[in-house]
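The values are calculated or read from the model by the stated rules, or taken from the named source; none is laboratory data. Model, not experiment: these values are computed from the prediction. No Cβ is skipped: glycine too gets one built from the backbone with ideal geometry, and neighbour counts run over all protein chains shown. Ligands, DNA and RNA are excluded from the accessible area calculation, which covers all protein heavy atoms including side chains. Shrake-Rupley method; radii C 1.70, N 1.55, O 1.52, S 1.80 Å.
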Amino acid sequence: LVDRILQGGGTAAEQVQPNGLFGVSTNIRPTVRDIDQAKKLLSEAGYPNGLTMTIHGPSGRLLLDKNVLETLAQMFQRIGIKTTPEAQPWAMFSQRVTKRELSVFMNSWQVSTGEIGKLMTILLAMLVLRRADAGIAVEG
């Protein structure tokens, strides 16, 4: 993705942010991509013929965002998830994300301080809100 679509204009990250930044663990090994195993897991989960979804993303906000979105859709299709990419102008897309109208979407963030604390606080808060919306008890 970084080499072919972004033409080297990015850094692949196996964690929330790339290696070299504070908070990234050197103990976590990179994920091995295994298309056959992914298909097997889909089948075990009750989707032997795959499934269908739409992946949403912004258009005109991030570097080659529409191209990246289309590439992600192709990656999902390789494992049997029939995926339609839907790119929208940022104003529409961000409103839909805020209203929680999208189940699968591509987005981006920047950690200008080089540490992960603030970003993790945001991501954990989103998880807590989703669990509360689903009626799951959230403590502390």
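Between Glu115 and Arg29, what FRET efficiency comes out of the Förster formula 1/(1 + (r/R0)^6) with R0 = 25 Å and r the beta carbon distance, rounded to 0.05? All intermediate terms of the calculation are to be shown ahead of the outcome.
Working: r = 22 Å, r/R0 = 0.90.
Here the calculated transfer efficiency is 0.65.
Using the alpha-carbon centroid of each, what span in Å lies between segment 61-121 and segment 5-27?
Value for the Cα centre distance between the two parts: 17 Å.
How much area per residue is accessible in segment 50-105 when the probe is 1.4 Å and only protein heavy atoms are counted (Å²)?
Each residue of segment 50-105 exposes 58 Å² on average to a 1.4 Å probe.
Using a/c under 1.5 as the rounded threshold, could you call segment 16-98 rounded, prolate or oblate? The axes a ≥ b ≥ c are square roots of the C-alpha gyration tensor eigenvalues, and prolate needs a/b larger than b/c, oblate otherwise.
Values: a/c = 2.27, a/b = 1.09, b/c = 2.08.
It is oblate, given that a/c is not under 1.5 and a/b is not larger than b/c.
Can you list the HN-Hα couplings for segment 72-89, worked out from phi with the Karplus curve (6.51, -1.76, 1.60; θ = phi - 60°), rounded to whole Hz and with x for Gly and Pro?
Whole-Hz 3J(HN,Hα) from phi for segment 72-89: 4, 4, 5, 5, 5, 5, 4, 9, x, 9, 5, 10, 9, x, 10, 9, 9, x.
At 222 nm, what helix-only mean residue ellipticity would the chain give, in deg cm²/dmol to the nearest 500, using -39500 (n - 2.57) for each DSSP H run of four or more?
Here the helix-only value at 222 nm equals -11000 deg cm²/dmol.
Using the beta-carbon distance between Arg96 and Phe22 and R0 = 35 Å, what value does 1/(1 + (r/R0)^6) give for FRET efficiency, to the nearest 0.05?
0.60
With only alpha-carbon pairs counted, each pair once and no self-pairs, how large is the Kirkwood hydrodynamic radius of the chain in angstroms?
17.4
Modelled label-to-label distance, Ser108 and Gln37, 7 Å Cα→beta-carbon offset: nm?
Result for the modelled spin labels: 3.0 nm.
In nm, give the distance between the simple-model label positions of Glu14 and Leu123, each being 7 Å from the Cα along the Cα-to-Cβ direction.
Roughly 1.5 nm, to one decimal.
So, with a 1.4 angstrom probe, what is the percent of accessible area on segment 1-128 that is carbon and sulfur?
For segment 1-128, the apolar C and S fraction of the accessible surface comes to 54 percent.
Using modelled backbone amide H atoms (1.01 Å from N, in-plane), which distant-in-sequence or interchain residues come within less than 5 Å of Gln88's amide H?
The list, which skips near neighbours in sequence, is Gly57, Ser59.
In whole Hz, what ³J(HN,Hα) sequence does segment 45-59 give by Karplus (6.51, -1.76, 1.60; θ = phi - 60°), x for Gly and Pro?
3J(HN,Hα) across segment 45-59, in whole Hz: 7, x, 10, x, 9, x, 8, 10, 8, 10, 10, 9, x, x, 10.
Normalised by the residues of the chain, what does the relative contact order come to in percent, with Cα pairs under 8 Å and at least six apart?
21
Would you rank Met120, Met92, Met53 by solvent-accessible area, highest first, keeping every protein chain in place and using a 1.4 Å probe?
Met92, Met120, Met53
Residues with amide H under 5 Å of Thr54's amide H, sequence separation 5 or more or different chain, H placed in the peptide plane at 1.01 Å from N; which?
Thr84
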